[in-house]
1. Could you please find all residues in region 342-361 being exposed (fewer than 15 other Cβ atoms within 10 Å of the Cβ) and either polar (S, T, N, Q) or in contact with a Phe, Trp or Tyr (Cβ under 6 Å, 6 or more places away or on another chain) (or both)?
2. In region 55-73, how many are surrounded by 14 or more Cβ atoms within 10 Å (Cβ to Cβ) and closer than 21 Å to Gly237 by Cβ?
3. Scan region 189-200 and report the pairs whose first residue is more than 19 Å from Gln57 (Cα to Cα) and at pLDDT below 90 and whose second residue is of a type in the set (Phe, Trp, Tyr) and crowded, with 18+ Cβ neighbours inside 10 Å, with Cβ atoms within less than 7 Å and a gap of 6+ or a chain change.
4. Would it be correct to say that Ser140 is within 25 Å of Glu178 (Cβ to Cβ) and polar (S, T, N, Q)?
5. Just to be sure before I move on: is Pro107 assigned by TED's automatic domain parsing to the domain that holds Phe153, over 22 Å from the mean Cα position of the chain (by Cα) and within 27 Å of Glu226 (Cβ to Cβ) in the structure I sent?
6. Give me the pairs, please: first residue somewhere in region 120-143 and closer than 15 Å to Phe187 by Cα, second residue anywhere and of a type in the set (S, T, N, Q) and not in a loop (DSSP other than H, G, I, E, B), beta-carbon distance under 9 Å, and either six or more positions apart or on two chains.
7. Quick one: count up the residues across region 7-64 that are at pLDDT 90 or above and of a type in the set (A, V, I, L, M, F, W, C).
8. Please indicate, with yes or no, whether at least one residue in region 86-101 is acidic (Asp, Glu), at pLDDT below 90 and surrounded by 15 or more Cβ atoms within 10 Å (Cβ to Cβ).
Amino acid sequence: MVIKFEEVSKRYRLGLTQTSLPTLISQKLWGRRRNGGSSRSEEYLWALRNVSFELDQGESLALVGSNGAGKTTILKLLARITRPHSGRVSTHGRLSALIELGAGFHPELTGRENVYLNGAILGMSKKAIDRQFDDIIAFSELERFVDTPLKRFSSGMIVRLGFAVASCIQPEILLVDEVLAVGDVAFRQKCINRIQQLLSTGTSIVFVSHNLWLVQTVCRSALYLESGQVKLHGETGRVVEAYEDDLHKKRAATLQSGETGENQPSGICEITGVEVTPEEDDPAIGLHSDRPARVQVQYVSYEDGIRVGLVLRIIRSDGLTCCMVRTKLDGVNLTLKRGEGSVSLLLEPLQLRGGTYFVQAILRDADDLFSISTSSSPFFSVLGSKNTFSEMNGVYEPNRSWSHEDERAAQRPLYAVGKTTR
């Protein structure tokens, strides 16, 4: 067992902290004036409550949850930056952490000097750093800047150097926080490859990121935290699906309740429902990339002859808008009669990559100046190819056909995707 968390709880005191003599004196004086010097339970925030998990050698664990859920607190407990209020934290093996941008670096020292400083902090001897130095600099791709003071580095360059040091020393345990989000896409993919290489050689990894595609690429298991407590622990795909479902229910509720301004008209018409269904005789077939799907928007109009436009946005689970279509741009005129009705859009085929999405529908005035009503569909899953979770995988699958032509044979078709049979 490389990592063991046993019923760990951690609390922080809100307000002033006793970090200096003036602060301590001020805190005592103000505390006595306000509440007679007695502490109150509401002055403490429980960052973690009774959290337990284990990690074996060569295993990877993702920590997912909203901001303030306790993810970084777990990493800081593992790195011995802070101690638990109760419970026990056990780690076995050399630990390397990339938790905060620039942690373990000195801005006045050069990149070269900071490699040796950071390596020493991680427990490496000078001879060991000498052996790894060229690999560290090559991985970071900062050869030109190695003798430049760190204070002149960009945030992305600092992440490059920090991850290179943390990963090239062959740690038994590697902790990685959200800092990888600062790097560019190419370097992020390089880091993913390096993490997978470390896993194959027995390194255990605890990984924190709000990029759920990245999480599923790196980790086989995940821990879903909410308000400092474990909500779900298990296979990464199942945990991410549960987290996405909760996350997007909150987003949908926000969108449904908040997209109108004070100067926008109300009571003219409103969206009452949005759903996405397969355009098949059997709905149980599900939504597939290469099959047709229908988006249906139900509405109620309280007046006759209302001219409106409809905007539909298909949004991926990480918040990325995959596409947006508008009746106004497509030359579709919508005039609503009093009563209930519906507007539907047929996508033939759907063409979305496998994953989780929802549709946001917005009714706007005929001149497209303001929104009248907004609503969102429940989340839906698309079945289809999911080659990788890399951002370079794209968001849709185009209709396509392959052919090959050479000197010895006429052009011949190889493969075609996108034709549907009804």
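The values are calculated or read from the model by the stated rules, or taken from the named source; none is laboratory data. These numbers were taken from a predicted model, which means no experiment stands behind them. Please note: Cβ atoms are built from the backbone with ideal geometry, for glycine as well, and neighbour counts cover all protein chains shown.
1. Ser342, Ser344
2. 12
3. Cys191/Phe163
4. yes
5. For Pro107, the condition - assigned by TED's automatic domain parsing to the domain that holds Phe153, over 22 Å from the mean Cα position of the chain (by Cα) and within 27 Å of Glu226 (Cβ to Cβ) - is not met.
6. Pairs found: Ile136/Ser167; Phe139/Ser167.
7. 11
8. Checked region 86-101: at least one residue is acidic (Asp, Glu), at pLDDT below 90 and surrounded by 15 or more Cβ atoms within 10 Å (Cβ to Cβ).
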